[in-house]
Amino acid sequence: MGGGYIPRRSDSKAPVHAYPRRFAYHALHWQIEQYHRAIKQLCPIEYFQVRAMSGIQNHVFTAICAYVQLQRLCFMDVLKNCYQVQRNLFNGVVAEFVRFFVYPVRNTLILNSITLSMRKFYISNNLLILIKTIIARTALGHGIPRGKMILTLFIVVIFGVACTSHRITGDRIDTHISSANNGTSPVAESATNPIKKSLTEQVLYHLLVAELAGQRDRIPTAVSNYLDAAIGSRDTTIAQRATHIALLAGDREQGLQAAKLWTRLDPNALEAKRAYATFLVRGGHMDEAVPVLRGLMNHPDSPPDQGLLTVAGLLSQGKDREVALAAMERIVAEYVAEHSDKSRAEPVASFALAHFLFRIEKVDRAIDLLEEVIAADKKNPTAHIYYAQALRNRGQTAKALDVLSEALANGVDDEDIRINLARLSIAEKRYETAREQLERLLAIDPNDAEIRYTLALLLLQTGRPNKAHKHLRYLTNQENLTQETYFNLGQLAESQKNLRMAMDAYRKVAYGQHYLNAQLRIAALLAKQGNLRGARAHLHGILPKSGEDAIRLYQMDGLILTDAGHLEAAMSVYDAALESHPKDNDLLYARAMLAGRMGQVSRLERDLRELLSRKPDHVDALNALGYTLADKTDRYQEAMAMIRRALRLQPENYYILDSMGWVLYRLGRHQESIGYLQRALAIQQDPEVAAHLGEVLWVTGEHKAARKVWDAALETAPDDALLLEVMERFGE
């Protein structure tokens, strides 16, 4: 088949040389092939998928494609650009690098050209920054030798050094390039711009290894290499990145080193001090943490009256809660003692301590303190919200609602109070109160997507679909919502059978965890609208990021072909899928079901027995094989044994109960059959079960009961083929 996600493997051992062997290419040819082979070895699935997708044999191009794939970039947009200019965009980037070293051209022109070309590929800003830095340093005669520089650039392009989040800003690099063009020596520049002096080959190596490790989910390796790069470069940006990755990885030891280095390199950075305090507290270094926490409280960038809350949040992460509580009480007491206006300081201190107690699940004491805070300051919205949350945690939701309602009635007109009141009201099924609050909030800020989305859900739930659709339509037309919101909008619109709105929402899911699901739904909806060619073209334009993604694409392709009645084409899809993924049980089961639909009983049996040899308790395989043997052969005892095994595994599964009823019917045990079929229909009003039950009732002479079962099924499934066929067979 022509699916773009089918890996096509080549047995050819001959190296491919798609570009001329000019000097720069020739010097790097062997080394690039090593990286090319490394990509193939590191991620063979992606490698072959990219090659199959592009159909281009230039291994430099293929390697860059693999980089795009690994970085989770929009590959189809990249590929479209490539096809439009007959792949010269990708080759053009490589050529720009070579021209810079072979021909005497202006540095600024090269930088602009590279930037323009790379941005056409949606390659991330970090990569551009690093390339610019290397070129600028080499142009000035500093840093990496020119010959090694070419190799470094190719490594950077092929493997990539940038993640899509926590991007390094380009201000320092652009300043350096500007200095390079003006003839300014980097030595004369400020010490606050260290990356241009410290980007040694060793630092580059650690950065590359760290980014690759992060892409392959080898987080400990990423953390250690980021830390090595930070120590080697003494660059605040790299130290910051090392700290962030260590925080995400939960690596206390290396995170503490990175954060400590960051604070030394940038002593005034509030974020650095906060990270340093976090690692000290999490590591149990409370004596060292307390002075740092005091510094956070008094930091000039810390918002007024927020320093204590920051300290409370950080201390609540301590391993020993009692030690953390003692430290918090000490800091709070010092805070009150330092302030001359006790009437103002004490409520602030009590609220911070209550916040800390709430975080460490000492709810009763937190409630007592919050009551004191509210008594002292009835207009404090945050105290009311925390008080309501604490009451709810203690199971007093009704009282929590009263607290928030009374706050609004007493003039504490705060948006967060209204949001919390709406959420608690929904939880308690006080839908009218929730609707009133959400509409008030939307009147304050019509662009609040979360509030509008929540209101739309509430309106749907309370039977007001027209008003809900108005809000959904508004949201779908927005361009700044989160990817998850667009996906949820698509699902919601699809559930309301508004397919156009659903597709508009799904198309806006451009990346992230919901990307593949959204694309699969687009294909399914196109097929549902009769556009089978468009649905398959959409599927084949999706580049999977893993073998699991490829399998899901195969499954959807097979499903839409099956639903459209193109059974032979669907079988070809499953055959190709299993050739690429022979051990996948879901694909094997799907092919078996298709074989059954095509009347190929022997093929169905072969696939299901293979599946059961791998997984003897695969309940769907047991049931499907048992039912097929009962329905299509006279091997009833064998069928009965299979279905009994399935029924022992899932005794209330209506499909299996239906299968048991059917095999009993084939054995002539009609009354037993009726019992099982009635149980199945009571669990699920399924038209196939109704067709079976009606047939058995009719055969036993209970024509009136059979008609009643069939008529009820027709109300919910008037077009079900099996139901209509059975009724026609018995003259109904």
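The values are calculated or read from the model by the stated rules, or taken from the named source; none is laboratory data. Owing to the predicted nature of the structure, the values given are computational and were not obtained by experimental measurement. Reconstructed Cβ throughout: ideal geometry from the backbone, glycine too, with neighbour counts over all protein chains shown.
Details
- Exactly one residue out of Arg500, Arg521 is closer than 25 Å to His471 by Cα and under 21 Å from the mean Cα position of the chain (by Cα): that is Arg521.
- The combined condition, being modelled with pLDDT of 95 or more and aromatic (Phe, Trp, Tyr), is fulfilled by Tyr574.
- For the range 316-329, residues that are buried (at least 22 other Cβ atoms within 10 Å of the Cβ) and assigned to a helix (DSSP H, G or I) total 2.
- Listing of helices (runs of 4 or more DSSP H) fully contained in the range 330-421 that carry 3 or more residues being within 26 Å of Ala434 (Cβ to Cβ) and out of contact with any Leu (no Cβ under 6 Å at 6 or more places or on another chain): 363-376, 381-393, 397-409
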